[in-house]
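Trainee: The structure follows.
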Amino acid sequence: METLKIDIQNDQEKKVLLAFLDSLSYHYRSESDDYILSDEQVKKLIERKADFLTGKTTSRPWTEIKKRYEGV
């Protein structure tokens, strides 16, 4: 498998490209570098990490998580 990264300039380009990929039944995923977390979200992530590290929460196998989000 090979990854191809394309910098999309605007919404119209994105719509056209995705329509083209869909017409060919290509499997693709969209990623964005625009991750902006609020202070509250950061605080919650830190709390969850601490809970996990102290054993107050459990985890699921990666294969289970991956299966759930396959095709997203």
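Trainee: Could you tell me which of the pairs Lys15/Lys43; Lys15/Lys66; Lys5/Lys67; Lys14/Lys44; Lys14/Lys66; Lys43/Lys66 are separated by over 29 angstrom between their Cα atoms in the structure shown? Walk me through the numbers before you get to the answer.
Mentor: On the way: Lys15/Lys43 35 Å; Lys15/Lys66 26 Å; Lys5/Lys67 24 Å; Lys14/Lys44 33 Å; Lys14/Lys66 25 Å; Lys43/Lys66 26 Å.
Those over the limit are Lys15/Lys43; Lys14/Lys44.
Trainee: Test of understanding: ordering Arg60, Arg48 by Cβ neighbours within 10 Å, fewest first, what list do you get? Each step should come with its number before you reach the end.
Mentor: Numbers: Arg60 8, Arg48 12.
Lowest count first: Arg60, Arg48.
Trainee: Which number do you get for Rg(Cα) / (2.2 N^0.38 Å) in the chain? The partial results should precede the final answer.
Mentor: Details: Rg = 17.7 Å, N = 72, 2.2 N^0.38 = 11.2 Å.
Compactness ratio reported: 1.59.
Trainee: Counting helices only, and only those DSSP H runs with n ≥ 4, report the 222 nm mean residue ellipticity of the chain as the sum of -39,500 (n - 2.57) divided by its residues, in deg cm²/dmol to the nearest 500. Working shown, then result.
Mentor: Details: 3 runs with 35 residues, N = 72.
Computed mean residue ellipticity for the chain: -15000 deg cm²/dmol.
Read-outs throughout are calculated quantities, based only on the coordinates presented, and are distinct from any laboratory measurement. As the structure is a prediction and not an experimental result, all values here were calculated from the model. For neighbour counting, all protein chains shown are included, and Cβ atoms are generated from backbone atoms with ideal geometry for every residue, glycine included.
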